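Colleague: Structure provided below as structure tokens; questions to follow.
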Amino acid sequence: MAPRIDAPVRAILGPTNTGKTHLAIERMCGHSSGVIGFPLRLLAREVYDRVVAMKGEAQVALLTGEERIVPPTARYFLCTAESMPVPGGDGHHDSDFQRDFAFAAIDEAQLGIDPERGHVFTDRMLRVRGREETLILGSDTLKPIVRELLPDAEIVSRPRFSTLRYAGSVKLSRLPPRSAVVAFSAEQVYALAEMLRRFRGGAAVVMGVLSPATRNAQVAMFQRGEVDYLVATDAIGMGLNMDVTHVAFAGLEKFDGRRDRRLTIPEMAQIAGRAGRHQKDGTFGTLGLSDTSASFSEEEITAIEDHRFRPLDSVYWRNANLDFTDVRSLIGSLEAKSDDPILRSAPEAIDLSVLKLCAQDPAIASKRGAQTRRLWAVCGLPDFRKVGPMHHSRMVRRLFSYINEGGHVPHEWFAAEVARLDNMSGDIEALADRLAGIRSWAYIAHRSDWLKEPAKWAERTREVEARLSDALHERLTQRFVDRRTAVLVRDIGARGGDALPVTVAADGEVSVGPEPIGHLTGFDFRVDPNARLADKRLLLAAAERRLGDELDRRARALIEAEDQAFELTTDESGMIALGWEGHILARLSAGRSLLEPALRTARALDRLSVPTRASLRERLERWLDGQVQKHLQSLTNLASAASDPGSSPGVRALAAMLADAGGVMPRKAMLGPIAHLEQADRQALHKLRVRLGPLDVFLVPLIKPAAQRWRAALLAVRMNQAMPQLAGAGASTLGPEADPRGASLAYRRLGRQWLRIDLADRLASHARKVRSAGGEDPLDLPLATSLGLDEEAIAKLMGEVGYTKAGDAWRWRGRRPQRDDRRPQPSSHAFAELEKLRRPLEPKLEDRPLPLLHPADQKPHPGAGRHRRGLC
């Protein structure tokens, strides 16, 4: 470059967020051409995208170690500091881009104090000039250096646009939204991002080792608000502009390549200054760790807030006038010292360390002239993998062995190494390592004097890097971002119109905003089974907050629904419940009577508002009462008769026993109440649909399948048992596999078979009529055969009636008396004593004449009854 003698050199100095970089971009675009050097590839790429939007791709170039986009008509170059075109070159880069620029600028020039890269920034500050204008951008600490080294430069101080304040320490779980957490190792970055995923739904990750594509994808996620937190290394402090309101330091110490040391105050300020961009104020603090070294001192806080730092008294420098006579002369020129005390000799950089290691080989140490120049160019290959000088020098020696005599890197070796790295499997660490490896080959591919087809291989490495970047972004997002939790965390803090919409899909999937949180089945919300255990409480809390309106809407629709919407069902344990479309609404438990069970609403209904839940409960009770009345009306009428004072004592006694048993009882269990029935009582019971059969006493309508089902349910509720297995509708007989609890509701057991009680009643009544008429065949054989009764069942039935098999005929043997003496014990009064005296005069039971009544209606103690009436 050949700047004009009067070309201005200005130093734009100030703290972060003073618009220095923005000013440089505007000034460059106002010139016919220009170049800006940045401290990071990520920042160079960010500014490149901005300038492309202003000038178009054809006029803008990007130059970094491993990425070059240089259109033939490019006029504006955005570069890393190491890749900036400088007069005479630096020996590491080719001379394809040595040209005259109207404008030149170097950003973050105060990095001249950095032990590892400081000499590069000092060199660019001293040597890079624009033909018409030069800007040196940096912090106020650079002011004495500019005055000493560039006495003719104009110094312009710029104030910070916003205020930066110390906010103290805060726990990670209480970190405010739009915060950036700064850590100083990849392991710490990953650990913090994982914790933020659990507490706040995740975080974007930004590190210097990421490719621009990965970094841009992560930052875009943060900028769009998909996550409210960012975890980054100190690379964030180098001009990366994001909407950050708070910066939290995970620590205040870093490893600088040689030792662990505490950050300097300017380094702290550079990082903290990322908070509060433009006119928006920002805060900084720590994560509240117990380690006292992770806390700011009062001096540090005051200096950062007031932007007052100790001025620099020196910068690192390395001689740029290199002697390529031979390798020894080259090393000597690199280690030359400056006479100016402000320019301190830089610590040995990795390129010089690699050169010295290579020079230990006599074959390399003997190189001279052009070969020495090529050796130094190869030593400039950055150690992207951070493997150290010893390991890195092996790759440098191999490269030099190929290009030593003007040759090229074998494309077979190059292709094989790139193919080895073209692997998208593995975890974050494996992908990051491959990404660092491909950056080395991308650097090589951009050297036109090292490869035969540099454009082809540059495209190949770019494709692999893009795929690795996409895979790494996917892994980072998968591991450190739970979009659902992030959405819910923002939703919890939302109020009014800011609340995210809740949608319930046709299949019951519930989403808050774009993220599904679970399924709503009836009134029961179930968390997404794929959710992590730690996230389930958060999802349930979101459902409690946001599903109230939807649940009330469903409840109101159910309250107004027809009876067909409800059903008698069982829950997962077989207990009786009321349901709706397969969903449990309430469970039944024992109540005041068999026909009045208690109704307990399901826990899922607790999410309803109190008035709505009460209304729905009332609707369920109305439905239950209606179904009992519909299917068990005869049983409810019988229960009413049992408590009706207008009914006779005999009717009330029998009705009470039968109603309590569910409408069916064996006759032998009711002989006492039946014996005391008058003719009017029998007529009243007939009107109540009570059948006083020879074998069973039962309500005829209860034989219907629907009535059986409801009786089974109510009896199971009273006994706190599961619903029994019922027979199929219309079944006349059941086999031995039938459930005794279900079969006994409407069937009589006859050996291994069960016969429906109304059919057993027909067969028994037929036998009774035949005997009364003096007939000889009491068995209705055609009916028994049509019912499929086997010989055992027929014999059992006829035995219950009073018959026994005698060859091919049936012989009456009479009803067997009960084994226990059911006569009541006489009381100790005069009439009882008189009864004892008269009892020996009674004829024996077997000597009495047969009564006129059917044996089934015979009273247990007829003699005692006659004598009680006689005494009276």
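Colleague: Only one residue in Ala269, Ala217, Ala193, Ala213 is touching a His at 6+ places or on another chain (Cβ under 9 Å) and either crowded, with 24+ Cβ neighbours inside 10 Å or outside any helix (DSSP H, G or I) (or both), so which one is that?
Modeller: Details: Ala217 fails: either crowded, with 24+ Cβ neighbours inside 10 Å or outside any helix (DSSP H, G or I) (or both); Ala193 fails: touching a His at 6+ places or on another chain (Cβ under 9 Å); Ala213 fails: either crowded, with 24+ Cβ neighbours inside 10 Å or outside any helix (DSSP H, G or I) (or both).
Testing whether each residue is touching a His at 6+ places or on another chain (Cβ under 9 Å) and either crowded, with 24+ Cβ neighbours inside 10 Å or outside any helix (DSSP H, G or I) (or both) leaves just Ala269.
Colleague: Report yes if Lys143 is open to solvent by 20 Å² or more (accessible area, probe 1.4 Å) and under 46 Å from the mean Cα position of the chain (by Cα), otherwise no. Talk me through it step by step, then tell me what you get.
Modeller: Details: open to solvent by 20 Å² or more (accessible area, probe 1.4 Å): yes; under 46 Å from the mean Cα position of the chain (by Cα): no.
So Lys143 fails the test.
Colleague: If you check every pair at least six apart or on different chains, which have Cβ atoms under 7 Å apart with a residue in the stretch 121-150 that is within 10 Å of Ala104 (Cα to Cα) and acidic (Asp, Glu) first and a residue that is open to solvent by 10 Å² or more (accessible area, probe 1.4 Å) and modelled with pLDDT of 95 or more second?
Modeller: Every condition considered, the pairs that remain are Glu132/His31; Glu133/Arg27; Glu133/His31.
Colleague: Out of the residues in the stretch 341-373 that are without any contact (Cβ under 8 Å) to a residue 24 or more places away in the chain and of a type outside the set (A, V, I, L, M), which is least open to solvent (accessible area, probe 1.4 Å)?
Modeller: Glu348
Colleague: Right, next: Quick one: Ile236 ticks every box in (1) of a type in the set (Val, Ile, Thr); (2) at pLDDT 85 or above; (3) surrounded by 16 or more Cβ atoms within 10 Å (Cβ to Cβ) except a single one, so which number is it?
Modeller: (2)
Colleague: Okay, next question. Looking at (1) touching a Leu at 6+ places or on another chain (Cβ under 6 Å); (2) assigned to a loop (DSSP other than H, G, I, E, B), find the lone condition where Leu62 falls short.
Modeller: Of (1) touching a Leu at 6+ places or on another chain (Cβ under 6 Å); (2) assigned to a loop (DSSP other than H, G, I, E, B), only one is false for Leu62: (2).
Colleague: Select from the stretch 79-104 the residues that are modelled with pLDDT of 90 or more and either more than 29 Å from Pro454 (Cα to Cα) or open to solvent by 10 Å² or more (accessible area, probe 1.4 Å) (or both) and list them in ascending order. Walk me through how you get there before you give the answer.
Modeller: Narrowing the stretch 79-104 to residues modelled with pLDDT of 90 or more: 79-84, 101-104.
Across the stretch 79-104, the qualifying residues are Thr80, Glu82, Ser83, Ala102, Phe103.
Colleague: Would it be correct to say that Pro177 is surrounded by fewer than 16 Cβ atoms within 10 Å (Cβ to Cβ) and of a type outside the set (Ser, Thr, Tyr)? Explain how you work it out, then say what you get.
Modeller: Working: surrounded by fewer than 16 Cβ atoms within 10 Å (Cβ to Cβ): yes; of a type outside the set (Ser, Thr, Tyr): yes.
Yes, satisfied.
Colleague: Read through the list (1) buried (at least 18 other Cβ atoms within 10 Å of the Cβ); (2) over 30 Å from Met84 (Cα atoms), then give the number of the only condition that Val206 fails.
Modeller: So Val206 meets the others, but not (2).
Colleague: How about the stretch 248-285: which of its residues are charged (D, E, K, R) and under 19 Å from Asp140 (Cα atoms)? Write out each step before concluding.
Modeller: Of all residues in the stretch 248-285, those charged (D, E, K, R) come to 253-254, 256, 258-262, 267, 274, 277, 280-281.
If the condition is that a residue be charged (D, E, K, R) and under 19 Å from Asp140 (Cα atoms), then Glu267, Arg274, Arg277 are the ones that fit.
Colleague: Go over the candidates Glu562, Glu572, Glu567 one by one and state the one that is exposed (fewer than 13 other Cβ atoms within 10 Å of the Cβ) and either modelled with pLDDT of 90 or more or among the aliphatic types (A, V, I, L, M) (or both).
Modeller: Details: Glu572 fails: either modelled with pLDDT of 90 or more or among the aliphatic types (A, V, I, L, M) (or both); Glu567 fails: exposed (fewer than 13 other Cβ atoms within 10 Å of the Cβ).
From the options Glu562, Glu572, Glu567, the qualifying one is Glu562.
Colleague: With a cut-off of at least 3 residues that are touching a Leu at 6+ places or on another chain (Cβ under 6 Å), name the helices (runs of 4 or more DSSP H) lying wholly within the stretch 332-382.
Modeller: On the way: elements: 350-359, 362-365, 370-379.
The helices (runs of 4 or more DSSP H) meeting that bar are 370-379.
Colleague: Leu472: closer than 14 Å to Gly202 by Cα, open to solvent by less than 20 Å² (accessible area, probe 1.4 Å), more than 15 Å from the chain's Cα centre (by Cα) and modelled with pLDDT of 65 or more, yes or no? Please lay out each step first, then the result.
Modeller: Numbers: closer than 14 Å to Gly202 by Cα: no; open to solvent by less than 20 Å² (accessible area, probe 1.4 Å): yes; more than 15 Å from the chain's Cα centre (by Cα): yes; modelled with pLDDT of 65 or more: yes.
Taking the combined requirement at face value, the residue does not satisfy it.
Colleague: Something else about it: Kindly state which strands (runs of 3 or more DSSP E) lie completely within the stretch 648-700 and contain at least 1 residues that are polar (S, T, N, Q) and over 60 Å from the mean Cα position of the chain (by Cα).
Modeller: Per the criteria, no element qualifies.
Colleague: What do you reckon, is Glu412 in a helix (DSSP H, G or I), closer than 19 Å to Glu459 by Cβ and either open to solvent by 30 Å² or more (accessible area, probe 1.4 Å) or in contact (Cβ under 8 Å) with a residue 40 or more places away in the chain (or both)?
Modeller: Details: in a helix (DSSP H, G or I): yes; closer than 19 Å to Glu459 by Cβ: yes; either open to solvent by 30 Å² or more (accessible area, probe 1.4 Å) or in contact (Cβ under 8 Å) with a residue 40 or more places away in the chain (or both): yes.
Yes; evaluated as a whole, the condition is true for this residue.
Colleague: Let me ask you something else. Is the stretch 657-677 home to any residue that is of a type in the set (A, V, I, L, M, F, W, C), within 23 Å of Glu596 (Cβ to Cβ) and open to solvent by less than 10 Å² (accessible area, probe 1.4 Å)? Steps first, answer last, please.
Modeller: The first filter runs over the stretch 657-677 and keeps only residues of a type in the set (A, V, I, L, M, F, W, C), leaving 657-659, 661, 664-665, 669-671, 674-675, 677.
Now drop any that are not within 23 Å of Glu596 (Cβ to Cβ), which leaves 657-659, 661, 664-665.
In the following step, the residues that additionally are open to solvent by less than 10 Å² (accessible area, probe 1.4 Å) were identified as 658.
Yes.
Colleague: Scanning the stretch 586-598 for residues that are buried (at least 16 other Cβ atoms within 10 Å of the Cβ) and not charged (D, E, K, R), which turns out nearest to Ala661 (Cα to Cα)? Even if it seems obvious, please write down each step before you answer.
Modeller: Step one: filter the stretch 586-598 for residues buried (at least 16 other Cβ atoms within 10 Å of the Cβ), giving 586-588, 594-595, 597.
Pick out the ones that are also not charged (D, E, K, R) and you get 586, 588, 594-595, 597.
Values: Ala586: 25, Leu588: 19, Leu594: 9, Leu595: 11, Pro597: 15 Å.
It comes out as Leu594.
Colleague: Next question, about the same structure. Tell me, yes or no, whether the stretch 725-744 has at least one residue that is within 22 Å of Arg592 (Cα to Cα), open to solvent by 20 Å² or more (accessible area, probe 1.4 Å) and of a type outside the set (A, V, I, L, M).
Modeller: First, the residues of the stretch 725-744 that are within 22 Å of Arg592 (Cα to Cα): none.
Checked the stretch 725-744: no residue is within 22 Å of Arg592 (Cα to Cα), open to solvent by 20 Å² or more (accessible area, probe 1.4 Å) and of a type outside the set (A, V, I, L, M).
Colleague: Name the one entry in Leu312, Leu287, Leu322, Leu252 that is in contact with a helix residue (DSSP H, G or I) (Cβ under 8 Å, 6 or more places away or on another chain) and closer than 19 Å to Lys20 by Cβ. Please lay out each step first, then the result.
Modeller: Numbers: Leu287 fails: closer than 19 Å to Lys20 by Cβ; Leu322 fails: closer than 19 Å to Lys20 by Cβ; Leu252 fails: closer than 19 Å to Lys20 by Cβ.
Testing whether each residue is in contact with a helix residue (DSSP H, G or I) (Cβ under 8 Å, 6 or more places away or on another chain) and closer than 19 Å to Lys20 by Cβ leaves just Leu312.
Okay, residues lined up against (1) more than 23 Å from Pro15 (Cβ to Cβ); (2) small (Gly, Ala, Ser):
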| site | (1), (2) |
| --- | --- |
| Val206 | no, no |
| Met221 | yes, no |
| Ala248 | no, yes |
| Gly251 | no, yes |
| Leu263 | no, no |
| Glu267 | no, no |
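Colleague: Kindly indicate whether any position in the stretch 443-450 is in contact with a strand residue (DSSP E or B) (Cβ under 7 Å, 6 or more places away or on another chain) and either surrounded by 13 or more Cβ atoms within 10 Å (Cβ to Cβ) or in contact (Cβ under 8 Å) with a residue 60 or more places away in the chain (or both). Give the derivation first.
Modeller: The first filter runs over the stretch 443-450 and keeps only residues in contact with a strand residue (DSSP E or B) (Cβ under 7 Å, 6 or more places away or on another chain), leaving 446.
Among the residues that remain, those that are also either surrounded by 13 or more Cβ atoms within 10 Å (Cβ to Cβ) or in contact (Cβ under 8 Å) with a residue 60 or more places away in the chain (or both) are: 446.
For the stretch 443-450, residues in contact with a strand residue (DSSP E or B) (Cβ under 7 Å, 6 or more places away or on another chain) and either surrounded by 13 or more Cβ atoms within 10 Å (Cβ to Cβ) or in contact (Cβ under 8 Å) with a residue 60 or more places away in the chain (or both): present.
Colleague: Against the definition (in contact (Cβ under 8 Å) with a residue 12 or more places away in the chain and within 25 Å of Gln721 (Cβ to Cβ)), how does Leu616 come out, yes or no?
Modeller: Working: in contact (Cβ under 8 Å) with a residue 12 or more places away in the chain: yes; within 25 Å of Gln721 (Cβ to Cβ): no.
Criteria not met by Leu616.
Colleague: If you don't mind, there's one more thing I want to ask. Collect the residues in the stretch 65-78 that are at pLDDT below 95 and either under 45 Å from the mean Cα position of the chain (by Cα) or part of a strand (DSSP E or B) (or both), keeping them in residue-number order.
Modeller: Result: Gly65, Glu66, Glu67, Arg68, Ile69.
Colleague: Looking at the structure I just gave you, is Arg607 of a type outside the set (Gly, Ala, Ser), more than 30 Å from Pro701 (Cα to Cα), open to solvent by less than 70 Å² (accessible area, probe 1.4 Å) and without any contact (Cβ under 8 Å) to a residue 60 or more places away in the chain?
Modeller: Against the criterion (of a type outside the set (Gly, Ala, Ser), more than 30 Å from Pro701 (Cα to Cα), open to solvent by less than 70 Å² (accessible area, probe 1.4 Å) and without any contact (Cβ under 8 Å) to a residue 60 or more places away in the chain), Arg607 does not qualify.
Colleague: Kindly provide the set of residues from the stretch 120-140 that are among the acidic types (Asp, Glu) and open to solvent by less than 30 Å² (accessible area, probe 1.4 Å), ordered by number.
Modeller: Here is the first cut: in the stretch 120-140, the residues among the acidic types (Asp, Glu) are 123, 132-133, 140.
Across the stretch 120-140, the qualifying residues are Asp123, Glu133.
Colleague: Another question about this same structure. Mind listing whichever residues of the stretch 730-754 are assigned to a loop (DSSP other than H, G, I, E, B), closer than 19 Å to Thr570 by Cα and touching a residue at least 24 places away in the same chain (Cβ under 8 Å)? Lay out the reasoning, then the answer.
Modeller: At the first step, the residues of the stretch 730-754 found to be assigned to a loop (DSSP other than H, G, I, E, B) are 730-732, 735-739, 744-746, 751-752.
So of that shortlist, the ones also closer than 19 Å to Thr570 by Cα come out as 739, 745.
Hit for the stretch 730-754 is Leu745, nothing else.
The values are calculated or read from the model by the stated rules, or taken from the named source; none is laboratory data. This one's a predicted model, so the numbers in the text were calculated from it and none came from an experiment. With ideal geometry, Cβ positions are generated from the backbone for all residues, glycine too; neighbour counts draw on all protein chains shown. Please note that ligands, DNA and RNA were not included when accessible areas were found on the heavy atoms of the full protein model with its side chains. Shrake-Rupley method; radii C 1.70, N 1.55, O 1.52, S 1.80 Å.
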